[in-house]
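Below: the structure, in structure tokens.
The values are calculated or read from the model by the stated rules, or taken from the named source; none is laboratory data. Treat the numbers as computed from the prediction; the structure is a model and nothing was measured. Ideal geometry is used to build each Cβ from the backbone, glycine not excepted, and the neighbour counts take in all protein chains shown. Only protein heavy atoms, including side chains, enter the accessible area calculation; ligands, DNA and RNA are left aside. Shrake-Rupley method; radii C 1.70, N 1.55, O 1.52, S 1.80 Å.
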Amino acid sequence: EPEVTQTPSHQVTQMGQEVILRCVPISNHLYFYWYRQILGQKVEFLVSFYNNEISEKSEIFDDQFSVERPDGSNFTLKIRSTKLEDSAMYFCASIADTNTEAFFGQGTRLTVV
Amino acid sequence: AQKVTQAQTEISVVEKEDVTLDCVYETRDTTYYLFWYKQPPSGELVFLIRRNSFDEQNEISGRYSWNFQKSTSSFNFTITASQVVDSAVYFCALTPNQAGTALIFGKGTTLSVSS
């Protein structure tokens, strides 16, 4: 069964460092997303990506964040200068078509120290 | 504005009990989709069901059933004869019927099933 793959599963970084979280969405999917879940809280939308550009972003997705689909298979989330409050589980998701179910990756747990 | 409310923060039951997880949503859209996801202790998000706003039929899948009531804006989830493996956080989510729009999640209900 096709799945969304995220790497790494866990990343520890020092405050102020840049991190790149990687995702490989399901190959024939069209829409890609990043969500964030701070420990014990709800899943929050960060950004959606369609046709090689951002289609929607939340207030959380400020100038410190960027996304890229560099090679047609990978979908990356970059945080330029991490803060303690960026510590969270980051989920990548993809969907095949409008409002079909989102397939989520296993998540990357980011810990900023 | 879109909103999903899961008023039950935590529920504890004993194995074999039935349990219902509540979900109430708010939207101005006439067409929308509702979802339930399960997040086990391992952390991944597992899709359970998708329901569109025009389909109010209840759905049953094994021990799981869903009751969609448009009149009360609710989409409740019942687990029959709960098992320890059902222990997880359950999220209800909503998305309007617009291309690629993101999911809006509720805060989740933590279900603990003890043996």
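Summary of values
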{"read-out": "Matching strands (runs of 3 or more DSSP E) fully within segment B:59-115 where at least 2 residues are in contact (Cβ under 8 Å) with a residue 24 or more places away in the chain and either under 22 Å from B:PRO40 (Cβ atoms) or not acidic (Asp, Glu) (or both)", "value": "B:64-69, B:74-79, B:88-96, B:109-114"}
{"read-out": "Enumeration of residues in segment A:37-66 that are away from chain B (no Cβ under 12 Å) and under 13 Å from the mean Cα position of the chain (by Cα)", "value": "A:PHE65, A:SER66"}
{"read-out": "Where A:ARG80 falls short, out of the listed (1) open to solvent by less than 20 Å² (accessible area, probe 1.4 Å); (2) away from chain B (no Cβ under 14 Å); (3) touching a residue at least 60 places away in the same chain (Cβ under 8 Å)", "value": "(1)"}
{"read-out": "Where a residue in segment A:1-19 is at positive phi and its partner, wherever it lies, is open to solvent by less than 100 Å² (accessible area, probe 1.4 Å) and of a type in the set (S, T, N, Q), with Cβ under 9 Å and at least six apart", "value": "A:GLY16/A:SER81; A:GLY16/A:THR82"}
{"read-out": "Any strands (runs of 3 or more DSSP E) falling wholly within segment A:66-113 and containing at least 1 residues that are of a type in the set (Phe, Trp, Tyr)", "value": "A:75-79, A:88-95"}
{"read-out": "Count of residues meeting criterion [out of contact with any Pro (no Cβ under 6 Å at 6 or more places or on another chain) and under 13 Å from A:HIS29 (Cα atoms)] in segment A:75-103", "value": "11"}
{"read-out": "Residue within segment B:31-44 that is part of a loop (DSSP other than H, G, I, E, B), in contact with a Pro (Cβ under 9 Å, 6 or more places away or on another chain), more than 17 Å from B:ILE79 (Cα to Cα) and among the hydroxyl-bearing types (Ser, Thr, Tyr) present", "value": "yes"}
{"read-out": "Where a residue in segment A:33-59 is farther than 14 Å from B:THR101 by Cα and its partner, wherever it lies, is open to solvent by less than 70 Å² (accessible area, probe 1.4 Å) and acidic (Asp, Glu), with Cβ under 8 Å and at least six apart", "value": "A:ARG36/A:GLU44; A:GLN37/A:GLU44; A:ILE38/A:GLU44"}
{"read-out": "Residue in segment B:51-68 that is touching a Gly at 6+ places or on another chain (Cβ under 8 Å) and among the charged types (D, E, K, R) present", "value": "no"}
{"read-out": "Residues of segment B:77-105 satisfying the condition of being surrounded by fewer than 19 Cβ atoms within 10 Å (Cβ to Cβ) and either in contact with a strand residue (DSSP E or B) (Cβ under 9 Å, 6 or more places away or on another chain) or under 19 Å from B:ILE60 (Cα atoms) (or both)", "value": "B:THR78, B:THR80, B:ALA81, B:GLN83, B:VAL84, B:VAL85, B:SER87, B:PRO96, B:ASN97, B:ALA99"}
{"read-out": "Scan of segment B:18-44 for residues that are more than 22 Å from A:SER58 (Cα to Cα) and open to solvent by 80 Å² or more (accessible area, probe 1.4 Å), ordered by number", "value": "B:ASP18, B:THR30, B:PRO41, B:SER42"}
{"read-out": "Members of segment A:1-36 that are within 14 Å of chain B (Cβ to nearest Cβ), within 24 Å of A:ASP62 (Cα to Cα) and part of a loop (DSSP other than H, G, I, E, B)", "value": "A:PRO8, A:SER9, A:PRO25, A:LEU30"}
{"read-out": "Answer residue from segment B:45-58, given it is assigned to a loop (DSSP other than H, G, I, E, B) and more than 8 Å from every other protein chain (Cβ to nearest Cβ) and is surrounded by the most Cβ atoms within 10 Å (Cβ to Cβ) among those", "value": "B:SER53"}
{"read-out": "Residue among B:TYR64, B:TYR37 that alone is more than 10 Å from the chain's Cα centre (by Cα), modelled with pLDDT of 95 or more and under 29 Å from A:GLY105 (Cβ atoms)", "value": "B:TYR64"}
